[in-house]
1. Give the residues of segment 174-198 that are in contact with a helix residue (DSSP H, G or I) (Cβ under 8 Å, 6 or more places away or on another chain) and among the aromatic types (Phe, Trp, Tyr), sorted by residue number.
2. Which numbered condition in (1) surrounded by fewer than 22 Cβ atoms within 10 Å (Cβ to Cβ); (2) under 21 Å from Ile200 (Cβ atoms); (3) touching a strand residue (DSSP E or B) at 6+ places or on another chain (Cβ under 8 Å); (4) not polar (S, T, N, Q) is the only one that Gly127 fails?
3. For segment 135-188, give me each residue that is open to solvent by less than 40 Å² (accessible area, probe 1.4 Å) and either without any contact (Cβ under 8 Å) to a residue 12 or more places away in the chain or part of a loop (DSSP other than H, G, I, E, B) (or both).
4. I'd like to verify a number: residues in segment 189-215 that are open to solvent by 50 Å² or more (accessible area, probe 1.4 Å), closer than 26 Å to Pro144 by Cα and either in contact with a Ser or Thr (Cβ under 7 Å, 6 or more places away or on another chain) or not in a loop (DSSP other than H, G, I, E, B) (or both), how many?
5. Taking the residues in segment 115-134 that are among the aliphatic types (A, V, I, L, M) and in a helix (DSSP H, G or I) as candidates, determine which candidate is modelled with the lowest pLDDT.
6. State the number of residues belonging to segment 93-114 that are assigned to a helix (DSSP H, G or I) and either within 13 Å of the chain's Cα centre (by Cα) or surrounded by fewer than 18 Cβ atoms within 10 Å (Cβ to Cβ) (or both).
7. Mind listing whichever residues of segment 66-90 are of a type in the set (Val, Ile, Thr) and part of a helix (DSSP H, G or I)?
Amino acid sequence: MRNKFLFFALAFPIFFCTWAGAAIHTVVGDLRIMQFPATSQYPARTIRVWLPSDYEKTHRSYPVLYMMDGQNCFDRDTSAFGKEWQIDETLTQLIDAHQLPPLIVVGIDNSPSRIDEYTFFADPKYGGGHGQAYADVVIHRLQPFVEKSFRVETDPQHVFIGGSSLGGLAALEITRRNPHTFGGVIAMSPSLWWDKRATIAEINRDPGGLAQARIWLDV
């Protein structure tokens, strides 16, 4: 039951800060910033791993949430337009109040190829459509890298993925195509209009992993 609080906690994710025009770090808790190694076809990428406060005090494994647009998740200084999603503040409050079990969040920074990476179908106006290559890297290279580096659960029911806008669209399609990888998806205002709503058509045709996943979707 408690795990479902995760989806409600992040359902209203963007607690917009007032932009004061100056760089201000707003991280709460233990945030590890790492470089995910490059491959021949994929450049190195910054990942931001937020750990619960008891991580260094235990030997247990934790549920894990992978988030697109990682630079927006925790810190005003790195976020787009100076507005962070305050995932660290929100989870700290809920975990301390025993409304949510501790979990690890892995923010995956986007790149200049964000549109290509977060879309699985090419839009006639905006292009894109290379999401499968991105998903393959996340599942077959990034997840094993995180699993070797941190004590995260690997059972799909404890592995979640999420994002906002195109990141929310990507989270839905990655979950749909990988039914044995993610047990839950957070899609915050996903860009379902993309390519004449091609993702909606594909979900109607074959919901795949979305049929079993716990889903938070807001628009």
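1. Within segment 174-198, Phe182, Trp194 qualify.
2. Of everything listed in (1) surrounded by fewer than 22 Cβ atoms within 10 Å (Cβ to Cβ); (2) under 21 Å from Ile200 (Cβ atoms); (3) touching a strand residue (DSSP E or B) at 6+ places or on another chain (Cβ under 8 Å); (4) not polar (S, T, N, Q), Gly127 misses just condition (3).
3. Hits for segment 135-188 are Phe150, Asn178, Thr181, Phe182, Gly183.
4. Number satisfying all stated conditions: 3.
5. Ala133
6. Going through segment 93-114 one residue at a time, the tally reaches 2.
7. Hits for segment 66-90 are Ile87, Thr90.
The values are calculated or read from the model by the stated rules, or taken from the named source; none is laboratory data. Quick caveat: nothing in here was measured; it's all calculated off a predicted structure. Positions of Cβ are generated from backbone atoms using ideal geometry, with glycine treated the same way; all protein chains shown enter the neighbour counts. Surface areas here come from the heavy atoms of the whole protein model, side chains and all, with no ligands, DNA or RNA. Shrake-Rupley method; radii C 1.70, N 1.55, O 1.52, S 1.80 Å.
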